[in-house]
1. Cβ-Cβ under 6 Å, sequence separation 6+ or interchain: first residue in the range A:67-93 and more than 12 Å from chain B (Cβ to nearest Cβ) and surrounded by 14 or more Cβ atoms within 10 Å (Cβ to Cβ), partner of a type outside the set (D, E, K, R) and part of a helix (DSSP H, G or I). Which pairs?
2. I'm told A:ARG11 meets every condition in (1) surrounded by 15 or more Cβ atoms within 10 Å (Cβ to Cβ); (2) outside any loop (DSSP other than H, G, I, E, B) except one. Can you identify the failing condition by its number?
3. Among the residues of the range B:26-60, how many are assigned to a helix (DSSP H, G or I) and over 22 Å from B:GLY98 (Cα atoms)?
4. Go through the residues of the range B:77-89 one by one and say whether even a single one is under 30 Å from B:SER17 (Cα atoms), in contact with a helix residue (DSSP H, G or I) (Cβ under 6 Å, 6 or more places away or on another chain), modelled with pLDDT of 95 or more and among the polar types (S, T, N, Q).
5. How many residues does the range B:75-134 contain that are aromatic (Phe, Trp, Tyr) and either within 24 Å of A:SER4 (Cβ to Cβ) or surrounded by fewer than 11 Cβ atoms within 10 Å (Cβ to Cβ) (or both)?
6. Can you find even one residue in the range A:49-58 that is closer than 21 Å to A:VAL128 by Cα, outside any strand (DSSP E or B) and in contact (Cβ under 8 Å) with a residue 40 or more places away in the chain?
7. Against the definition (in a helix (DSSP H, G or I), in contact with a Phe, Trp or Tyr (Cβ under 9 Å, 6 or more places away or on another chain) and more than 24 Å from A:GLU47 (Cα to Cα)), how does B:PHE99 come out, yes or no?
Amino acid sequence: MKVSLISIPVRDQEKAAKFYTEKLGFLIKKDAPLGGGNRWLTLVSPEWQDGPELLLEPAPMHFEPSMVFQDALMEAGIPYTQFDVDNVDSEYERLKSLNVEFSVKPTEMGTVKFAVFNDTCGNNIQIVEQL
Amino acid sequence: MTSYEEKLIRLKSKWFSNEHQIASIIKTRLYIDNNLHKNLNLDLLSEMRFTSKFHLHRLFKRYYGLTPKQYLTDRRIKKSKEYLINGMSVTETCYAVGFESLGSFSKLFKDKIGKSPSVFQKEQESRSLIATDS
């Protein structure tokens, strides 16, 4: 077995695709219609295009427990997932300049530095730099 | 303050409060990163930090989740991918990231990446040609 895909629940796939490509810089890898306005929509990192894909999954719109779980994480400020970056400080400044809202500013803990932002699609996302 | 931030503060005070120890282990990691081509081993790394190799091994595992040897192997394979993508030959890459024999490099690369260094390099070259054409 191989880990080739992780999924993240989003409230609006089109809005999420714009945020994740235009602000975070991911590339769309697959985009196929699934009926009912839903899509199989996956993204990859530009520097690792044959790496794992990130599926923008419209689960909260079709399965209420997914929405309840997502809301609970959001309210507690807990990230749904995290992405590696080379430098948290510069990524924080870059995203702030694009009006991305952070709930946790760059913070060091042990051998990592991290920050947490709102992806505007129902999730907190953590970015992490290894120190 | 969110509940997540409160949890992080508790976690930091309980597990990550020894700043001197953390700074020392980060220096060890950076030394590994900057000296992949050298013959690195636990004896050398521990002598540099004036500590016992058992202590260093335990602390590295505690703070990075990997032993120094596991970390070194991962970094060497990651760096070798960069070199191969940039066109360095398999033999040059092998020695540039600190392996002493082509056989052990190729076997480890295949174990970790699922294909030999030469196959990996050919695939990357094909991808780059396709990207140039499209």
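1. Once the first residue is more than 12 Å from chain B (Cβ to nearest Cβ) and surrounded by 14 or more Cβ atoms within 10 Å (Cβ to Cβ) and sits in the range A:67-93, its partners that are of a type outside the set (D, E, K, R) and part of a helix (DSSP H, G or I) give A:MET67/A:PRO60; A:GLN70/A:PRO60.
2. The single condition A:ARG11 does not satisfy is (2).
3. First, the residues of the range B:26-60 that are assigned to a helix (DSSP H, G or I): B:26-34, B:42-48, B:53-60.
Still in the list and also over 22 Å from B:GLY98 (Cα atoms): B:54-55, B:58-59.
Total meeting the criteria: 4.
4. Step one: list which residues in the range B:77-89 are under 30 Å from B:SER17 (Cα atoms), which gives none.
Looking through the range B:77-89, none of the residues is under 30 Å from B:SER17 (Cα atoms), in contact with a helix residue (DSSP H, G or I) (Cβ under 6 Å, 6 or more places away or on another chain), modelled with pLDDT of 95 or more and among the polar types (S, T, N, Q).
5. As a first pass, look at the range B:75-134 and keep what is aromatic (Phe, Trp, Tyr): B:83, B:95, B:99, B:105, B:109, B:120.
After this cut, where a residue has to be either within 24 Å of A:SER4 (Cβ to Cβ) or surrounded by fewer than 11 Cβ atoms within 10 Å (Cβ to Cβ) (or both) as well, the list is B:109, B:120.
Within the range B:75-134, residues that are aromatic (Phe, Trp, Tyr) and either within 24 Å of A:SER4 (Cβ to Cβ) or surrounded by fewer than 11 Cβ atoms within 10 Å (Cβ to Cβ) (or both) number 2.
6. Within the range A:49-58, one or more residues are closer than 21 Å to A:VAL128 by Cα, outside any strand (DSSP E or B) and in contact (Cβ under 8 Å) with a residue 40 or more places away in the chain.
7. On the way: in a helix (DSSP H, G or I): no; in contact with a Phe, Trp or Tyr (Cβ under 9 Å, 6 or more places away or on another chain): yes; more than 24 Å from A:GLU47 (Cα to Cα): yes.
Spelling it out, it is not the case that B:PHE99 is in a helix (DSSP H, G or I), in contact with a Phe, Trp or Tyr (Cβ under 9 Å, 6 or more places away or on another chain) and more than 24 Å from A:GLU47 (Cα to Cα).
The values are calculated or read from the model by the stated rules, or taken from the named source; none is laboratory data. Keep in mind that this is a model prediction, so the values were computed, not measured. Note that we place each Cβ from the backbone using ideal geometry, even for glycine, and neighbour counts take in every protein chain shown.
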